[in-house]
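Participant: Take this structure, written in structure tokens, and hold onto it; I'll ask about it next.
The values are calculated or read from the model by the stated rules, or taken from the named source; none is laboratory data. Predicted, not measured: the structure shown is a model, and the values here were computed from it. Cβ: placed from backbone, ideal geometry, glycine included. Neighbour counts: every protein chain shown. For the accessible areas, the whole protein counts, side chains as well, though only heavy atoms, and no ligand, DNA or RNA atoms are used. Shrake-Rupley method; radii C 1.70, N 1.55, O 1.52, S 1.80 Å.
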Amino acid sequence: MNDMTPITTTLKDWETDQEVRWCPGCGDYAILKAVQRTLPELGADPKNTVFVSGIGCSSRFPYYIESYGFHTIHGRAPAFATGIKLANPKLDVWLVTGDGDGLSIGGNHTMHVLRRNLDCQILLFNNEIYGLTKGQASPTSRVGTTSPSTPLGSVDRPASPCAFALGAGARFVARGYDVSKNLPEVLKAAHAHKGAAFIEIFQNCIVYNKDVFNDFAAPKGSEDRQLWLKNGEPMLFGSEKTGGVKGLALDAETLSLKVVDVADSDWRRAGVIVHDVTNRSLAHMLVELPFGAFPMALGVIYDDPRPTYEAAVAEEIGKATAGKTANLAKLLAKGQTWTVGGTAADPI
């Protein structure tokens with residue numbers, strides 16, 4: 001989140017005159033609308049906002065947001081975003097990518113923008129397929145997925161975007177899905193985080209991977225299959241109407257999470273854990289929960305800020321230039337070569 005003076009805008013201020021060109025029914029429409037509705041609530045200014053994308057269906061995003069935008073090259077959006085933020089740290093930078101763009105050819109770049117902790121919001125749309133290039137299996141496709149590139153079914157074990165982000169050193173990790181009414185709150189939390197905020201957004205590809213997330217995202221019975229995490233609140237899911245309230249507790253013998261029944265709303269007696277967004281060990285357990293035996297963990301999973309990359313760069317440059325006057329003409333007049341010396345403690 002950049003330090004900015006909030007201004008008043010409306011949804012219309014963030015809509016462009018460009019024709020939105022996604023397949024009818026694509027989950028990207030819902031994500032776009034969620035972002036456009038959230039930006040006014042953040043007090044964001046179109047003049048100080050930049051959307052950066054790579055290549056893929058999700059990467060058309062900058063065309064549809066009335067702000068500055070860069071539609072860059074495959075997998076390299078984090079590199080562009082880094083340059084933009086270093087050039088002008090006051091800009092509010094959003095990075096939009098997909099499971100193929102961000103975790104395959106761009107996996108290396110995604111890793112480094114996370115470990116460096118550039119102050120930006122990273123929205124990774126995960127539809128578990130390559131949509132733009134006609135439905136090949138992607139890094140997140142499930143075992144057995146049939147596609148033009150895996151006609152007999154994929155034998156690859158899928159990557160977990162959130163586990164990848166935590167492993168790369170991300171300080172903010174969250175999950176949501178395209179049509180969820182809770183997605184705007186997740187976006188707000190990401191924007192409030194000072195540093196690289198990573199959000200995996202499950203997105204329905206209506207053509208090549210239709211309804212693949214219905215196992216947890218379908219409205220009917222979703223309370224039994226979704227665990228919406230809230231800091232300081234017990235990890236509860238389910239309802240009395242659908243088989244009873246349940247929660248997550250710690251199995252002390254295996255140091256892992258387990259599902260427990262909650263009787264008479266007494267979650268403390270059942271041993272249900274209270275969510276702590278600063279607990280990194282708990283975050284690792286939540287993103288690795290196998291769906292089916294456990295609900296899908298959604299919302300803010302981890303949020304523990306640390307100093308940002310651009311702040312460290314600015315501090316280093318400040319020390320190196322303190323008390324000195326830039327004089328390019330004098331430097332060039334010294335001759336064909338010059339020597340750069342000094343140390344980190346006493347830079348030249």
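Participant: Report yes if THR150 is surrounded by fewer than 17 Cβ atoms within 10 Å (Cβ to Cβ), touching a residue at least 12 places away in the same chain (Cβ under 8 Å) and either hydroxyl-bearing (Ser, Thr, Tyr) or touching an Asp or Glu at 6+ places or on another chain (Cβ under 9 Å) (or both), otherwise no. I'd like the intermediate steps shown before the answer.
Facilitator: On the way: surrounded by fewer than 17 Cβ atoms within 10 Å (Cβ to Cβ): yes; touching a residue at least 12 places away in the same chain (Cβ under 8 Å): yes; either hydroxyl-bearing (Ser, Thr, Tyr) or touching an Asp or Glu at 6+ places or on another chain (Cβ under 9 Å) (or both): yes.
Against the criterion (surrounded by fewer than 17 Cβ atoms within 10 Å (Cβ to Cβ), touching a residue at least 12 places away in the same chain (Cβ under 8 Å) and either hydroxyl-bearing (Ser, Thr, Tyr) or touching an Asp or Glu at 6+ places or on another chain (Cβ under 9 Å) (or both)), THR150 qualifies.
Participant: Could you grab me the full set of residues in the stretch 1-42 that are under 22 Å from the mean Cα position of the chain (by Cα), part of a loop (DSSP other than H, G, I, E, B) and closer than 20 Å to HIS191 by Cβ?
Facilitator: Passing the criteria: MET1, ASN2, ASP3, MET4.
Participant: Six or more apart or on different chains, Cβ under 6 Å: which pairs go from a residue in the stretch 1-29 that's over 18 Å from GLU66 (Cα atoms) to one that's modelled with pLDDT of 95 or more and open to solvent by 100 Å² or more (accessible area, probe 1.4 Å)? Could you list them?
Facilitator: ASN2/LYS90
Participant: State whether one or more residues within the stretch 238-261 are among the aliphatic types (A, V, I, L, M) and open to solvent by 90 Å² or more (accessible area, probe 1.4 Å).
Facilitator: Within the stretch 238-261 (the criterion being among the aliphatic types (A, V, I, L, M) and open to solvent by 90 Å² or more (accessible area, probe 1.4 Å)), the answer is yes, since at least one residue qualifies.
Participant: Test LYS181 against the stated conditions and say whether it is touching a Phe, Trp or Tyr at 6+ places or on another chain (Cβ under 8 Å), basic (Lys, Arg), surrounded by fewer than 17 Cβ atoms within 10 Å (Cβ to Cβ) and not in a strand (DSSP E or B). Outline the logic, then answer.
Facilitator: Details: touching a Phe, Trp or Tyr at 6+ places or on another chain (Cβ under 8 Å): no; basic (Lys, Arg): yes; surrounded by fewer than 17 Cβ atoms within 10 Å (Cβ to Cβ): yes; not in a strand (DSSP E or B): yes.
Criteria not met by LYS181.
Participant: How many residues does the stretch 190-216 contain that are closer than 17 Å to THR140 by Cα and in a helix (DSSP H, G or I)?
Facilitator: Number satisfying all stated conditions: 3.
Participant: Across the stretch 34-59, what is the number of residues that are in contact with a helix residue (DSSP H, G or I) (Cβ under 8 Å, 6 or more places away or on another chain) and open to solvent by 20 Å² or more (accessible area, probe 1.4 Å)?
Facilitator: Of the residues in that region, 7 qualify.
Participant: May I pose another question? Is there a residue being out of contact with any His (no Cβ under 7 Å at 6 or more places or on another chain), modelled with pLDDT of 95 or more and among the aromatic types (Phe, Trp, Tyr) anywhere in the stretch 165-176? First the steps, then the outcome.
Facilitator: Residues of the stretch 165-176 that are out of contact with any His (no Cβ under 7 Å at 6 or more places or on another chain), as a first pass: 165, 167-171, 173-176.
From what's left, modelled with pLDDT of 95 or more: 165, 167-171, 173-176.
Narrowing further to those that are among the aromatic types (Phe, Trp, Tyr): none.
No, because not a single residue in the stretch 165-176 is out of contact with any His (no Cβ under 7 Å at 6 or more places or on another chain), modelled with pLDDT of 95 or more and among the aromatic types (Phe, Trp, Tyr).
Participant: Are there any pairs, at least 6 apart or on different chains, whose C-beta atoms fall under 9 Å, with the first in the stretch 165-177 and surrounded by fewer than 22 Cβ atoms within 10 Å (Cβ to Cβ) and the second of a type in the set (Asp, Glu) and not in a strand (DSSP E or B), and if so, which?
Facilitator: none
Participant: Would a scan of the stretch 174-187 turn up a residue that is acidic (Asp, Glu), under 13 Å from VAL300 (Cβ atoms) and within 12 Å of the chain's Cα centre (by Cα)? Steps first, answer last, please.
Facilitator: Initial filter on the stretch 174-187 (acidic (Asp, Glu)): 178, 185.
When the remaining residues are screened for being under 13 Å from VAL300 (Cβ atoms), the result is 185.
Next, from what is left, pick out any that are within 12 Å of the chain's Cα centre (by Cα): none.
No; the residues of the stretch 174-187 include none that is acidic (Asp, Glu), under 13 Å from VAL300 (Cβ atoms) and within 12 Å of the chain's Cα centre (by Cα).
Participant: Continuing with the same structure: So in the stretch 277-312, with the set limited to residues that are open to solvent by 60 Å² or more (accessible area, probe 1.4 Å) and either among the acidic types (Asp, Glu) or in a strand (DSSP E or B) (or both), which one is nearest to ASN117 (Cα to Cα)?
Facilitator: Going through the qualifying residues, I end up with GLU288.
Participant: Going through ALA252, ALA329, ALA314 one at a time, which residue ends up being of a type in the set (Gly, Ala, Ser), more than 28 Å from TYR177 (Cβ to Cβ) and touching a residue at least 24 places away in the same chain (Cβ under 8 Å)? Spell out how you get there, then give the answer.
Facilitator: Values: ALA252 fails: touching a residue at least 24 places away in the same chain (Cβ under 8 Å); ALA329 fails: touching a residue at least 24 places away in the same chain (Cβ under 8 Å).
Within the list ALA252, ALA329, ALA314, the selection yields ALA314.
Participant: Against the definition (more than 17 Å from ALA311 (Cα to Cα), touching a residue at least 12 places away in the same chain (Cβ under 8 Å) and open to solvent by less than 50 Å² (accessible area, probe 1.4 Å)), how does ASN126 come out, yes or no?
Facilitator: Details: more than 17 Å from ALA311 (Cα to Cα): yes; touching a residue at least 12 places away in the same chain (Cβ under 8 Å): yes; open to solvent by less than 50 Å² (accessible area, probe 1.4 Å): yes.
So ASN126 passes the test.
Participant: Mind checking which residues of the stretch 219-236 are open to solvent by 20 Å² or more (accessible area, probe 1.4 Å), at pLDDT 95 or above and assigned to a loop (DSSP other than H, G, I, E, B)?
Facilitator: LYS230, ASN231, GLY232, GLU233
Participant: Further question: I'd like to verify a number: residues in the stretch 237-254 that are of a type in the set (A, V, I, L, M) and either more than 17 Å from ALA293 (Cβ to Cβ) or in a helix (DSSP H, G or I) (or both), how many? Step through it out loud before you land on a result.
Facilitator: Taking the stretch 237-254 as the starting set, the residues that turn out to be of a type in the set (A, V, I, L, M) are 245, 248-250, 252.
Restricting the remaining residues to those that are either more than 17 Å from ALA293 (Cβ to Cβ) or in a helix (DSSP H, G or I) (or both) gives 245, 252.
Final tally of qualifying residues: 2.
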